[in-house]
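Engineer: Structure in structure tokens, see below.
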Amino acid sequence: MKQPMHEPAAVAELIRAGKKLLLAGDERLFGSLPRGSWVGGTIPYFMTDKGGINTHDRMYVTELPPYVPEAAIKYYDEKAIANIFGEAKPHGFSFIMIPAMSKTHVAFAVNAPTYPGFASRPLLGWITGVDLAEVGKKLPRIFNGESGESYSDGAIVMHVGLPDHKVAEVDILNMFKPGSGETIEFLEDGFTATDALIEGRRQSFSAYLRAKSVDIRLPLVADFGGAMINTSFQGVDESTHIVSFYAPVFKGVKYKIAAAEGDYVDSFARKMPHDESGQLFFSCNCILNYIHAGLEGRKTGAVTGPVTFGEIAYQLLNQTLVYLRISDV
Amino acid sequence: MAVPSKLHPIWSQLVSGKKHLEFESLAVKIVFGRVRNEIVRNPAAGPQLASQLHDVFATNETLPSVRKDLLKLV
């Protein structure tokens, strides 16, 4: 991956030169950008080749390769987002950004797997956010560079077509694996749970977490056909006994509390596929990994990108690195 | 290798758990995991779930990982 951190003036030059761009940065920086073929989302945290940083002065820029023949930008609201797979280019990928805590964030999290044509075309992206010191004071936003509009709800999508000799593939790297503890199931789909089935026996989930001294920095992990999918804990309200999550849990899915695999950066270096041929086009990682693994100032090799309030690989993910490779057919 | 037709028994065998394969494609893994969960919740949905599994192969068959997964099917 090329050095992608730029000041807004340099980003504006790229836009004026007709480059197709995926942008991430502080909200203030988008105000000076000209219209063009770009989409953007707010976040001030990044993994760079010099390590994890928090900056309000520079933007993370992903430039589409010159061989990309077409990139169509489209805004979706919380209902229209159901059409996203059907409107993707027949050969290419779609890149999506959704503001955290918006109605569309919730709708996508719960419903994406039921959208027509789910997973029929590569879809990746991220949930936009704000500085953690500004949560509750500022809203995460998304930007349509073509129209100049910005939104605190909805989704901005770039549907990217590829030439026949190129193919794009989305994958994930999950540093957590299911632990050896009890199997947990939930009674209904949702972002919160009061009771759960622990090894088939219904009990208070918050009482279970307390009794087992569960470290809720570790996510729940479910095995989806061999893909380990995390659901992160947001918190436990001891007065109402409600446990909340950053993504929905689903009825009938068997979860385990995750087991961590030692130091994040060491595990990352072992597990992340090398990119000797320069196929890695984009990646993003989770703010919870950034915080819990202490990634500020630490390097994750050549794998860089925005640090996000949720990751998207076909569906919403938590505490997961998402990446896209573009290779020759 | 071409994607087996929707009527091929491999799809219902995978949905029911009579045949288990480990896949490489993230799209296939996620859809396979979901249809395996759904068949427990709704056993009558077998044909519809088999069709969904076929479709994720058919629409992604140019992806390198899906090509490898196709070789495992039959």
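Read the figures in this text as sums done on the coordinates, not as results from a lab. Please read these numbers as outputs of a predicted model, since none were measured by experiment. Glycine gets a Cβ as well: all are built from the backbone with ideal geometry, and neighbour counts include every protein chain shown.
Engineer: Considering only A:G31, A:A72, A:A17, whose Cα is most displaced toward the positive end of the charge dipole of region A:1-102, charges sitting on Cβ of Lys, Arg (+1) and Asp, Glu (-1)?
Structural biologist: After comparing all options, I get A:A17.
Engineer: Which distance in Å, rounded to a whole number, links the C-alpha centroids of region A:294-329 and region A:1-59?
Structural biologist: Between the Cα centres of region A:294-329 and region A:1-59 lies a distance of 17 Å.
Engineer: In whole percent, what relative contact order does region A:274-325 give with Cα contacts below 8 Å and a gap of six or more residues?
Structural biologist: 50 percent
Engineer: Applying 1/(1 + (r/R0)^6) with R0 = 60 Å to the Cβ-Cβ distance of A:A211 and B:Q13, what FRET efficiency is obtained, to the nearest 0.05?
Structural biologist: Details: r = 41 Å, r/R0 = 0.69.
Here the calculated transfer efficiency is 0.90.
Engineer: Further question on the same structure: Do you know the Lys pair count in region A:61-171 for C-alpha distances under 28 Å, with sequence separation 8 or more or different chains?
Structural biologist: Pairs that pass both the separation and distance tests number 13.
Engineer: Identify the chymotrypsin sites (Phe, Trp or Tyr not before Pro) of region A:1-79 meeting these criteria: DSSP loop state and at most 16 other C-beta atoms within 10 Å of the C-beta.
Structural biologist: On the way: sites: A:F30, A:W38, A:Y45, A:F46, A:Y60, A:Y67, A:Y75, A:Y76; in loops: A:Y67.
Loop-located and lightly packed - A:Y67.
Engineer: Within region A:199-277, list the trypsin sites (Lys or Arg not before Pro) lying in a DSSP loop whose Cβ has at most 12 other Cβ atoms in a 10 Å radius. Spell out each step's value before the answer.
Structural biologist: Values: sites: A:R201, A:R202, A:R210, A:K212, A:R217, A:K251, A:K254, A:K256, A:R270, A:K271; in loops: A:K212, A:R217, A:K251, A:K254.
Loop-located and lightly packed - A:K212.
Engineer: Moving on. Tell me the mean residue ellipticity at 222 nm calculated for chain A from its helices only (DSSP H runs of n ≥ 4, each -39500 (n - 2.57), averaged over every residue, nearest 500).
Structural biologist: So the helix-based figure for chain A works out to -3500 deg cm²/dmol.
Engineer: Sticking with this structure for a sec: When a/c is below 1.5 the answer is rounded, else prolate if a/b is larger than b/c, else oblate, so apply that to the protein assembly as shown with a ≥ b ≥ c taken from the square roots of the Cα gyration tensor eigenvalues. Display every interim value, and only then the final one.
Structural biologist: Values: a/c = 1.65, a/b = 1.17, b/c = 1.41.
Verdict is oblate for the protein assembly as shown.
Engineer: For region A:120-141 and region B:25-67, what is the separation of their Cα centres, given in Å?
Structural biologist: What the calculation gives is 29 Å, centre to centre.
Engineer: Cross-link candidates for A:K50: which lysines have Cα within less than 16 Å, leaving aside residues fewer than 8 places away along the same chain?
Structural biologist: Those lysines meeting the cut-off are A:K2, A:K299.
Engineer: Something else: Give me the aspartates and glutamates in straight-line cross-link reach of A:K251: C-alpha distance below 18 Å, same-chain residues under 8 apart excluded.
Structural biologist: Of all the aspartates and glutamates, those that pass the test against A:K251 - Cα under 18 Å, at least 8 places apart if same chain - are A:E182, A:E185, A:E188, A:D189, A:D195, A:E199, A:D223, B:E38.
Engineer: Quick check of the Kirkwood formula: for region B:9-73, what is the inverse mean of 1/r over all pairs of different Cα atoms, in Å? Display every interim value, and only then the final one.
Structural biologist: Numbers: mean 1/r = 0.0860 Å⁻¹.
By the Kirkwood definition, the hydrodynamic radius is 11.6 Å.
Engineer: Still on this structure: Might you report the magnitude of the Cβ-based charge dipole of region A:1-135 about its Cα centre, with Lys and Arg at +1 and Asp and Glu at -1, to the nearest 20 debye? Could you put the intermediate results ahead of the total?
Structural biologist: Working: 13 positive and 13 negative charges, 81 e Å.
Here the size comes out at about 380 debye.
Engineer: Mind putting a number on the dipole of region B:9-73 about its Cα centre? Charges go on the C-beta only, +1 for Lys and Arg and -1 for Asp and Glu, and I need it in Debye to the nearest 20. Please report the intermediate quantities before stating the final value.
Structural biologist: Details: 9 positive and 6 negative charges, 38 e Å.
My answer is approximately 180 debye.
Engineer: A:K256: which lysines have alpha carbons under 26 Å from its alpha carbon, excluding same-chain residues fewer than 8 sequence positions away?
Structural biologist: Filter leaves A:K177, A:K212, A:K271, B:K18, B:K19, B:K29.
Engineer: Only sites in a loop by DSSP and with at most 13 other Cβ atoms within 10 Å count here; which trypsin sites (Lys or Arg not before Pro) in region A:40-84 make the cut?
Structural biologist: Numbers: sites: A:K50, A:R58, A:K74, A:K79; in loops: A:K50, A:R58, A:K79.
Those satisfying the criteria are A:K50, A:K79.
Engineer: Something else now. If you place +1 on the Cβ of every Lys and Arg and -1 on the Cβ of every Asp and Glu, how big does the dipole about the Cα centre of the protein assembly as shown come out, in debye to the nearest 20? Don't jump to the answer; show the numbers that get you there.
Structural biologist: Numbers: 41 positive and 43 negative charges, 129 e Å.
My answer is approximately 620 debye.
Engineer: Now a separate question. GNM, chain A, Cα, under 10 Å: largest mean-square fluctuation among A:V160, A:V253, A:V303?
Structural biologist: Top of the fluctuation ranking is A:V253.
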